[in-house]
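Q: Once you've had a glance at the structure underneath, I'll fire off some questions.
The values are calculated or read from the model by the stated rules, or taken from the named source; none is laboratory data. Being a predicted model, the structure only gives us computed values, none of them experimental. Cβ coordinates were reconstructed from backbone atoms using ideal geometry, including for glycine residues, and neighbour counts include every protein chain displayed. SASA here: full protein model, heavy atoms, side chains in, ligands and nucleic acids out. Shrake-Rupley method; radii C 1.70, N 1.55, O 1.52, S 1.80 Å.
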Number of protein chains: 2
Amino acid sequence: MRREIFMSRELPKDILKKYETTFSTVELPSVEVNRVAPKVTTVTNKMEKVLPTIKEAVEKTGLKDGMTISFHHHLREGDFVFNQVMAVIKEMGIKDLTLAPSSLTNVMNEMVIECIKAGIVSHITSSGMRGSLGEFISRGGMENPVILRSHGNRPRAIESGEIKIDVAFLGVPTTDNYGNANAVYGKSVFGSLGYAKVDAQYADKVVLITDNLVPYPNTPISIPQTQVDYIVEVDAIGNPDKIGAGATRFTKDPKELKIAETVKDVIVNSPYFKEGFSFQTGTGGAALAVTRYLKEEMKAKDIKASFALGGITKPTVELLEEGLVAKVLDVQDFDKGAAEGMAQFENQQEIDASFYAGPHNKGAVVNQLDVVILSALEIDTQFNVNVMTGSDGVLRGAIGGHQDAATAKLTIISAPLVRGRIPTVVKDVTTLITPGSSIDVLVTEIGIAINPLRQDLVDIFKNIKRIPVFTIEELQQRAEKIVGVPEPLQFTNRVVACIEYRDGSLLDVVKEIKPYKE
Amino acid sequence: MRREIFMSRELPKDILKKYETTFSTVELPSVEVNRVAPKVTTVTNKMEKVLPTIKEAVEKTGLKDGMTISFHHHLREGDFVFNQVMAVIKEMGIKDLTLAPSSLTNVMNEMVIECIKAGIVSHITSSGMRGSLGEFISRGGMENPVILRSHGNRPRAIESGEIKIDVAFLGVPTTDNYGNANAVYGKSVFGSLGYAKVDAQYADKVVLITDNLVPYPNTPISIPQTQVDYIVEVDAIGNPDKIGAGATRFTKDPKELKIAETVKDVIVNSPYFKEGFSFQTGTGGAALAVTRYLKEEMKAKDIKASFALGGITKPTVELLEEGLVAKVLDVQDFDKGAAEGMAQFENQQEIDASFYAGPHNKGAVVNQLDVVILSALEIDTQFNVNVMTGSDGVLRGAIGGHQDAATAKLTIISAPLVRGRIPTVVKDVTTLITPGSSIDVLVTEIGIAINPLRQDLVDIFKNIKRIPVFTIEELQQRAEKIVGVPEPLQFTNRVVACIEYRDGSLLDVVKEIKPYKE
């Protein structure tokens, strides 16, 4: 259904030419794929990998114009690595780089904008972007469209060579002088190195940036010495207190609490809430509330989960501690509590991004996921979800694991009907991020809407009186009644970002915001 | 020096043609290498990977004539997997396979011989072979020469595509139904999956054979679900009590004890015995005695090691328990005690074979190794070591990690001057396995010989009166005096095995034993 809308958007031919396929289905077929492998400069002796400065490391890697560099975003708004490295690269005058981080956070924005303006960065692929960088890109600040990929699509693109990382700069809270690194010990502990592990495996050159050199051999080994070329010690790689900035606050907003309770009710009444179920709740105030409510239900009904997945927060680790969840699988940790749990609990297991959600390996964890709760900036009457552009059409989000985890058996979108004067439930999403065919239930503060593709769920919930069920069109109309019909957004024909589906097909594009007429 | 001897052996041209390079140096230069990657058939849903029979698994992998299959030898003489799988393949009538296990143990011999005779196996690469298979090959039982590679050379060959594994059959003591496997839990626990991890990463198809299916998700994850195609449950994958058969017995042989004590004396008086040193002692009665003596010295002098490496035995794990060693790095475990330690001790770290000794990654652990004790069937006056062929010229050994670990700063060969009527110290080794330029000291029951390349060690030990120092020629003459000069071995011109050095260059060949004239 969505496909026709998509095709009618008159996508520029030069963009379409770059893609073999446009999006067709969320039910990915099994295919045979060829992988690529890095070019390795062998280390055959006890060579000193520790270099005194980032500059020396950049020089030794042979980084030059036109290459691709990568970073991880595990330290999120507390990251100090990106700006330190980019400042050096900028000073060295290297041009025309492709920036391929696992994602970009606000703390990196000004540096990225400067580097684009100076011609240092000419291409970007990321999970998302926000704030000033989103504005800059949306208003046409960069010549080449940004490519936005999910956390599962990125490792796929790396494994297939679509992203060929020449040099990866990876911040690690602890490493020895030969490159055995983990993120579970040290002053800047952030838990899982899930995104970074893929870069270390596939980049030609790998530079670790650390603020904590420890004696050889460092264990546990998240990134092994066999993948590391150089190491630089700096004063600080980040401020781990800022990883979760805001994300771990427990909401007191009655609307959020109402939504969280309904999400819990949907889960508990679904066929998936049974011994051994699995879930991903994600981050944000409402998600934490869901985890808390779910915990009470699990205790009351004596149901234990087999695993919790995703970006992990402390409340999920507490479920592990209480024996309500058998295993926690961390591709990322959203707060210090979760990060510290990684060193403490044997059953909190680090996984890499391909293992988490890669669609082109022999089976990612998302394939095993029963229940996921995801957010939305917009959801339309086809259940299509936008988590990328705001109501003003500006880039202010990230795909993250949204497309990937939405393949769960029960995918719940938790979102308010409206936010201030902005409707969440709309006729058409501004930007298509996760196709409606993988969304099962929308939960709002006034009730739920079930995707008609899930007649089994429709049948179950029509008998549960305390959960008001609407059609998605009814919810859209309710939203419209509250805030009216917004003026349609004005875009130019220029594409500023390509949205890929997790299999690498072209799903949508983001166009440049039309400048205001003065 | 050795090179000339080697080149004078009139190597058959057809063998030389297969090799780009012949051995030149143990000091491997840093080179730029391209890796290969597997062809992956993607699993995009919760597909059932567990199949009812090995036969069905073999069929699903698409195994056909001419392909390469692999196994690991972690279960050593207790392995039940190899014979179960090969019996099925044999019955299915698949021909002309290349057998590429990490090594072959005696328990596999009869099956391999049958498969060679039936044309099912036409090529073999292994770390070694013993018993009836060694006899069979040495007497010309197979048309194509066997290729013998060290534990570090094998991953190099796999990473470079010289060994392209089509299907790996890997026994695991525990896995879930999606393929997350480890060897630290279950009834057939054998500890590290170090050799198998490389196969799982590079084989096109990976079949796990287990006797212990556990709930999803299984952790810790040694082999991840992302690398596994199929799983078969069998009654038993092995008898873990037979892993170490004999290897963990503490010797009472006074000659062995004398050698062990001198080895300890050499280590303790070397410049490497200091806080933070590292070592690999290996297996066998004398090695265990060395570990015990070393422990006493470490306690007495308050010296702690940074790590112990290699095939690990329980006495080494005891050093970890007592705080005398900070970390133990296990590529393999030689007894149940060491295997069980893997689940128990955080600082006992599983490493893969490439990490252990791969010469073409960004730095293996052997590069960091201070002291290693290795054995020898023969050692010659150039300090060249043979651990492959017996005094009768028959294959009866394995390279193992010998070439790899010999690159340590202090490489000690511990061996008796003679064994029965057979000299150990000889003028020329029958088969060259580890070049003399990487051997530092030979320890025998009557004293030691120091490689003249190590003048620093010569200078140190000339002042230590309680350790008798001989030249290697003197030791050879002493051995000759005891047992006389053996009749030279009679070989045909046919090559039955190629010996590679760890970098993949051709080091030596083993020729067919000349049949007895009746």
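Q: Could you list, in sequence order, the residues of region B:461-489 that are of a type in the set (S, T, N, Q) and either outside the structural domain of B:ASP380 (by the TED database) or outside any loop (DSSP other than H, G, I, E, B) (or both)?
A: B:GLN476, B:GLN477
Table: residues versus (1) acidic (Asp, Glu); (2) modelled with pLDDT of 95 or more; (3) open to solvent by less than 10 Å² (accessible area, probe 1.4 Å); (4) closer than 30 Å to B:LEU489 by Cα.
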residue	(1), (2), (3), (4)
B:LYS95	no, yes, no, no
B:ASN106	no, yes, no, yes
B:VAL112	no, yes, yes, yes
B:LYS117	no, yes, no, yes
B:ILE137	no, yes, yes, yes
B:GLY179	no, yes, yes, no
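Q: So for region B:28-46 (the condition being in contact with a Gly (Cβ under 9 Å, 6 or more places away or on another chain), more than 14 Å from chain A (Cβ to nearest Cβ) and of a type outside the set (D, E, K, R)), does at least one residue qualify?
A: The answer is no; no qualifying residue exists.
Q: Looking at the structure I just gave you, is A:THR492 within 21 Å of the chain's Cα centre (by Cα) and open to solvent by 10 Å² or more (accessible area, probe 1.4 Å)?
A: no
Q: Quick one: in region B:219-235, of everything that is out of contact with any Ser or Thr (no Cβ under 7 Å at 6 or more places or on another chain) and away from every other protein chain (no Cβ under 14 Å), which residue is surrounded by the fewest Cβ atoms within 10 Å (Cβ to Cβ)?
A: That would be B:ASP235.
Q: Which is more than 30 Å from A:THR41 (Cβ to Cβ), buried (at least 21 other Cβ atoms within 10 Å of the Cβ) and either more than 14 Å from chain B (Cβ to nearest Cβ) or out of contact with any Cys (no Cβ under 8 Å at 6 or more places or on another chain) (or both), of A:LYS242, A:LYS205, A:LYS264, A:LYS197?
A: A:LYS264
Q: In region B:47-94, how many are in a loop (DSSP other than H, G, I, E, B) and farther than 22 Å from B:LYS197 by Cβ?
A: Qualifying residue count, region B:47-94: 10.
Q: Tally up the residues in region B:465-492 that are among the basic types (Lys, Arg) and modelled with pLDDT of 95 or more, please.
A: Count: 2.
Here's the yes/no breakdown for (1) under 26 Å from B:LEU28 (Cα atoms); (2) among the polar types (S, T, N, Q):
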| position | (1), (2) |
| --- | --- |
| B:GLU346 | no, no |
| B:ALA353 | yes, no |
| B:TYR356 | yes, no |
| B:GLY363 | yes, no |
| B:VAL371 | yes, no |
| B:ALA376 | yes, no |
| B:ASN384 | yes, yes |
| B:GLY390 | no, no |
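Q: Oh, and also: Every residue in region A:145-167 that is polar (S, T, N, Q) and either within 11 Å of chain B (Cβ to nearest Cβ) or touching a Pro at 6+ places or on another chain (Cβ under 8 Å) (or both), please.
A: Listed by number, the residues that qualify are A:ASN153, A:SER160.
Q: Looking at region A:278-292 only, could you name the residues that are modelled with pLDDT of 95 or more and in contact with a helix residue (DSSP H, G or I) (Cβ under 7 Å, 6 or more places away or on another chain)?
A: Within region A:278-292, A:SER278, A:GLN280 qualify.
Q: Let me ask something else. Give me the pairs: first residue in region A:150-175 and over 21 Å from A:MET67 (Cα atoms), second residue assigned to a helix (DSSP H, G or I), beta-carbon distance under 6 Å, and six or more apart or on different chains, which are they?
A: Short answer, once both residue conditions are applied: A:SER150/A:GLN403; A:SER150/A:ASP404; A:HIS151/A:ALA353; A:HIS151/A:ALA357; A:GLY152/A:ALA357; A:GLY152/A:ASP404.
Q: Still on this model: Inspect region A:374-384 for any residue being crowded, with 20+ Cβ neighbours inside 10 Å, away from every other protein chain (no Cβ under 11 Å), at positive phi and not β-branched (Val, Ile, Thr) and give the result as yes or no.
A: yes
Q: Please go through region B:259-285 and give me each residue that is among the polar types (S, T, N, Q), closer than 20 Å to B:ASN367 by Cα and not in a strand (DSSP E or B), ordered by number.
A: Those that are among the polar types (S, T, N, Q), closer than 20 Å to B:ASN367 by Cα and not in a strand (DSSP E or B): B:SER270, B:THR281.
Q: Taking the stated definitions as given, is A:ILE513 touching an Asp or Glu at 6+ places or on another chain (Cβ under 8 Å) and surrounded by 23 or more Cβ atoms within 10 Å (Cβ to Cβ)?
A: Spelling it out, it is not the case that A:ILE513 is touching an Asp or Glu at 6+ places or on another chain (Cβ under 8 Å) and surrounded by 23 or more Cβ atoms within 10 Å (Cβ to Cβ).
Q: Looking at A:VAL40, A:VAL85, A:VAL50, A:VAL81, can you tell me which residue is farther than 26 Å from A:ILE399 by Cα and open to solvent by less than 10 Å² (accessible area, probe 1.4 Å)?
A: A:VAL40
Q: To continue, here is another question. Does A:LEU374 meet the test of being in contact (Cβ under 8 Å) with a residue 60 or more places away in the chain, within 20 Å of A:ALA260 (Cβ to Cβ) and over 19 Å from the mean Cα position of the chain (by Cα)?
A: no
Q: Let me ask something additional. Output the number of residues of region B:274-285 satisfying the condition of being farther than 24 Å from B:THR251 by Cα and open to solvent by 10 Å² or more (accessible area, probe 1.4 Å).
A: So the answer is 3.
Q: Related question: Kindly provide the set of residues from region B:192-208 that are in contact (Cβ under 8 Å) with a residue 40 or more places away in the chain, closer than 16 Å to B:VAL81 by Cα and touching an Asp or Glu at 6+ places or on another chain (Cβ under 8 Å), ordered by number.
A: B:LEU193, B:TYR195, B:VAL207 - these are the residues of region B:192-208 that are in contact (Cβ under 8 Å) with a residue 40 or more places away in the chain, closer than 16 Å to B:VAL81 by Cα and touching an Asp or Glu at 6+ places or on another chain (Cβ under 8 Å).
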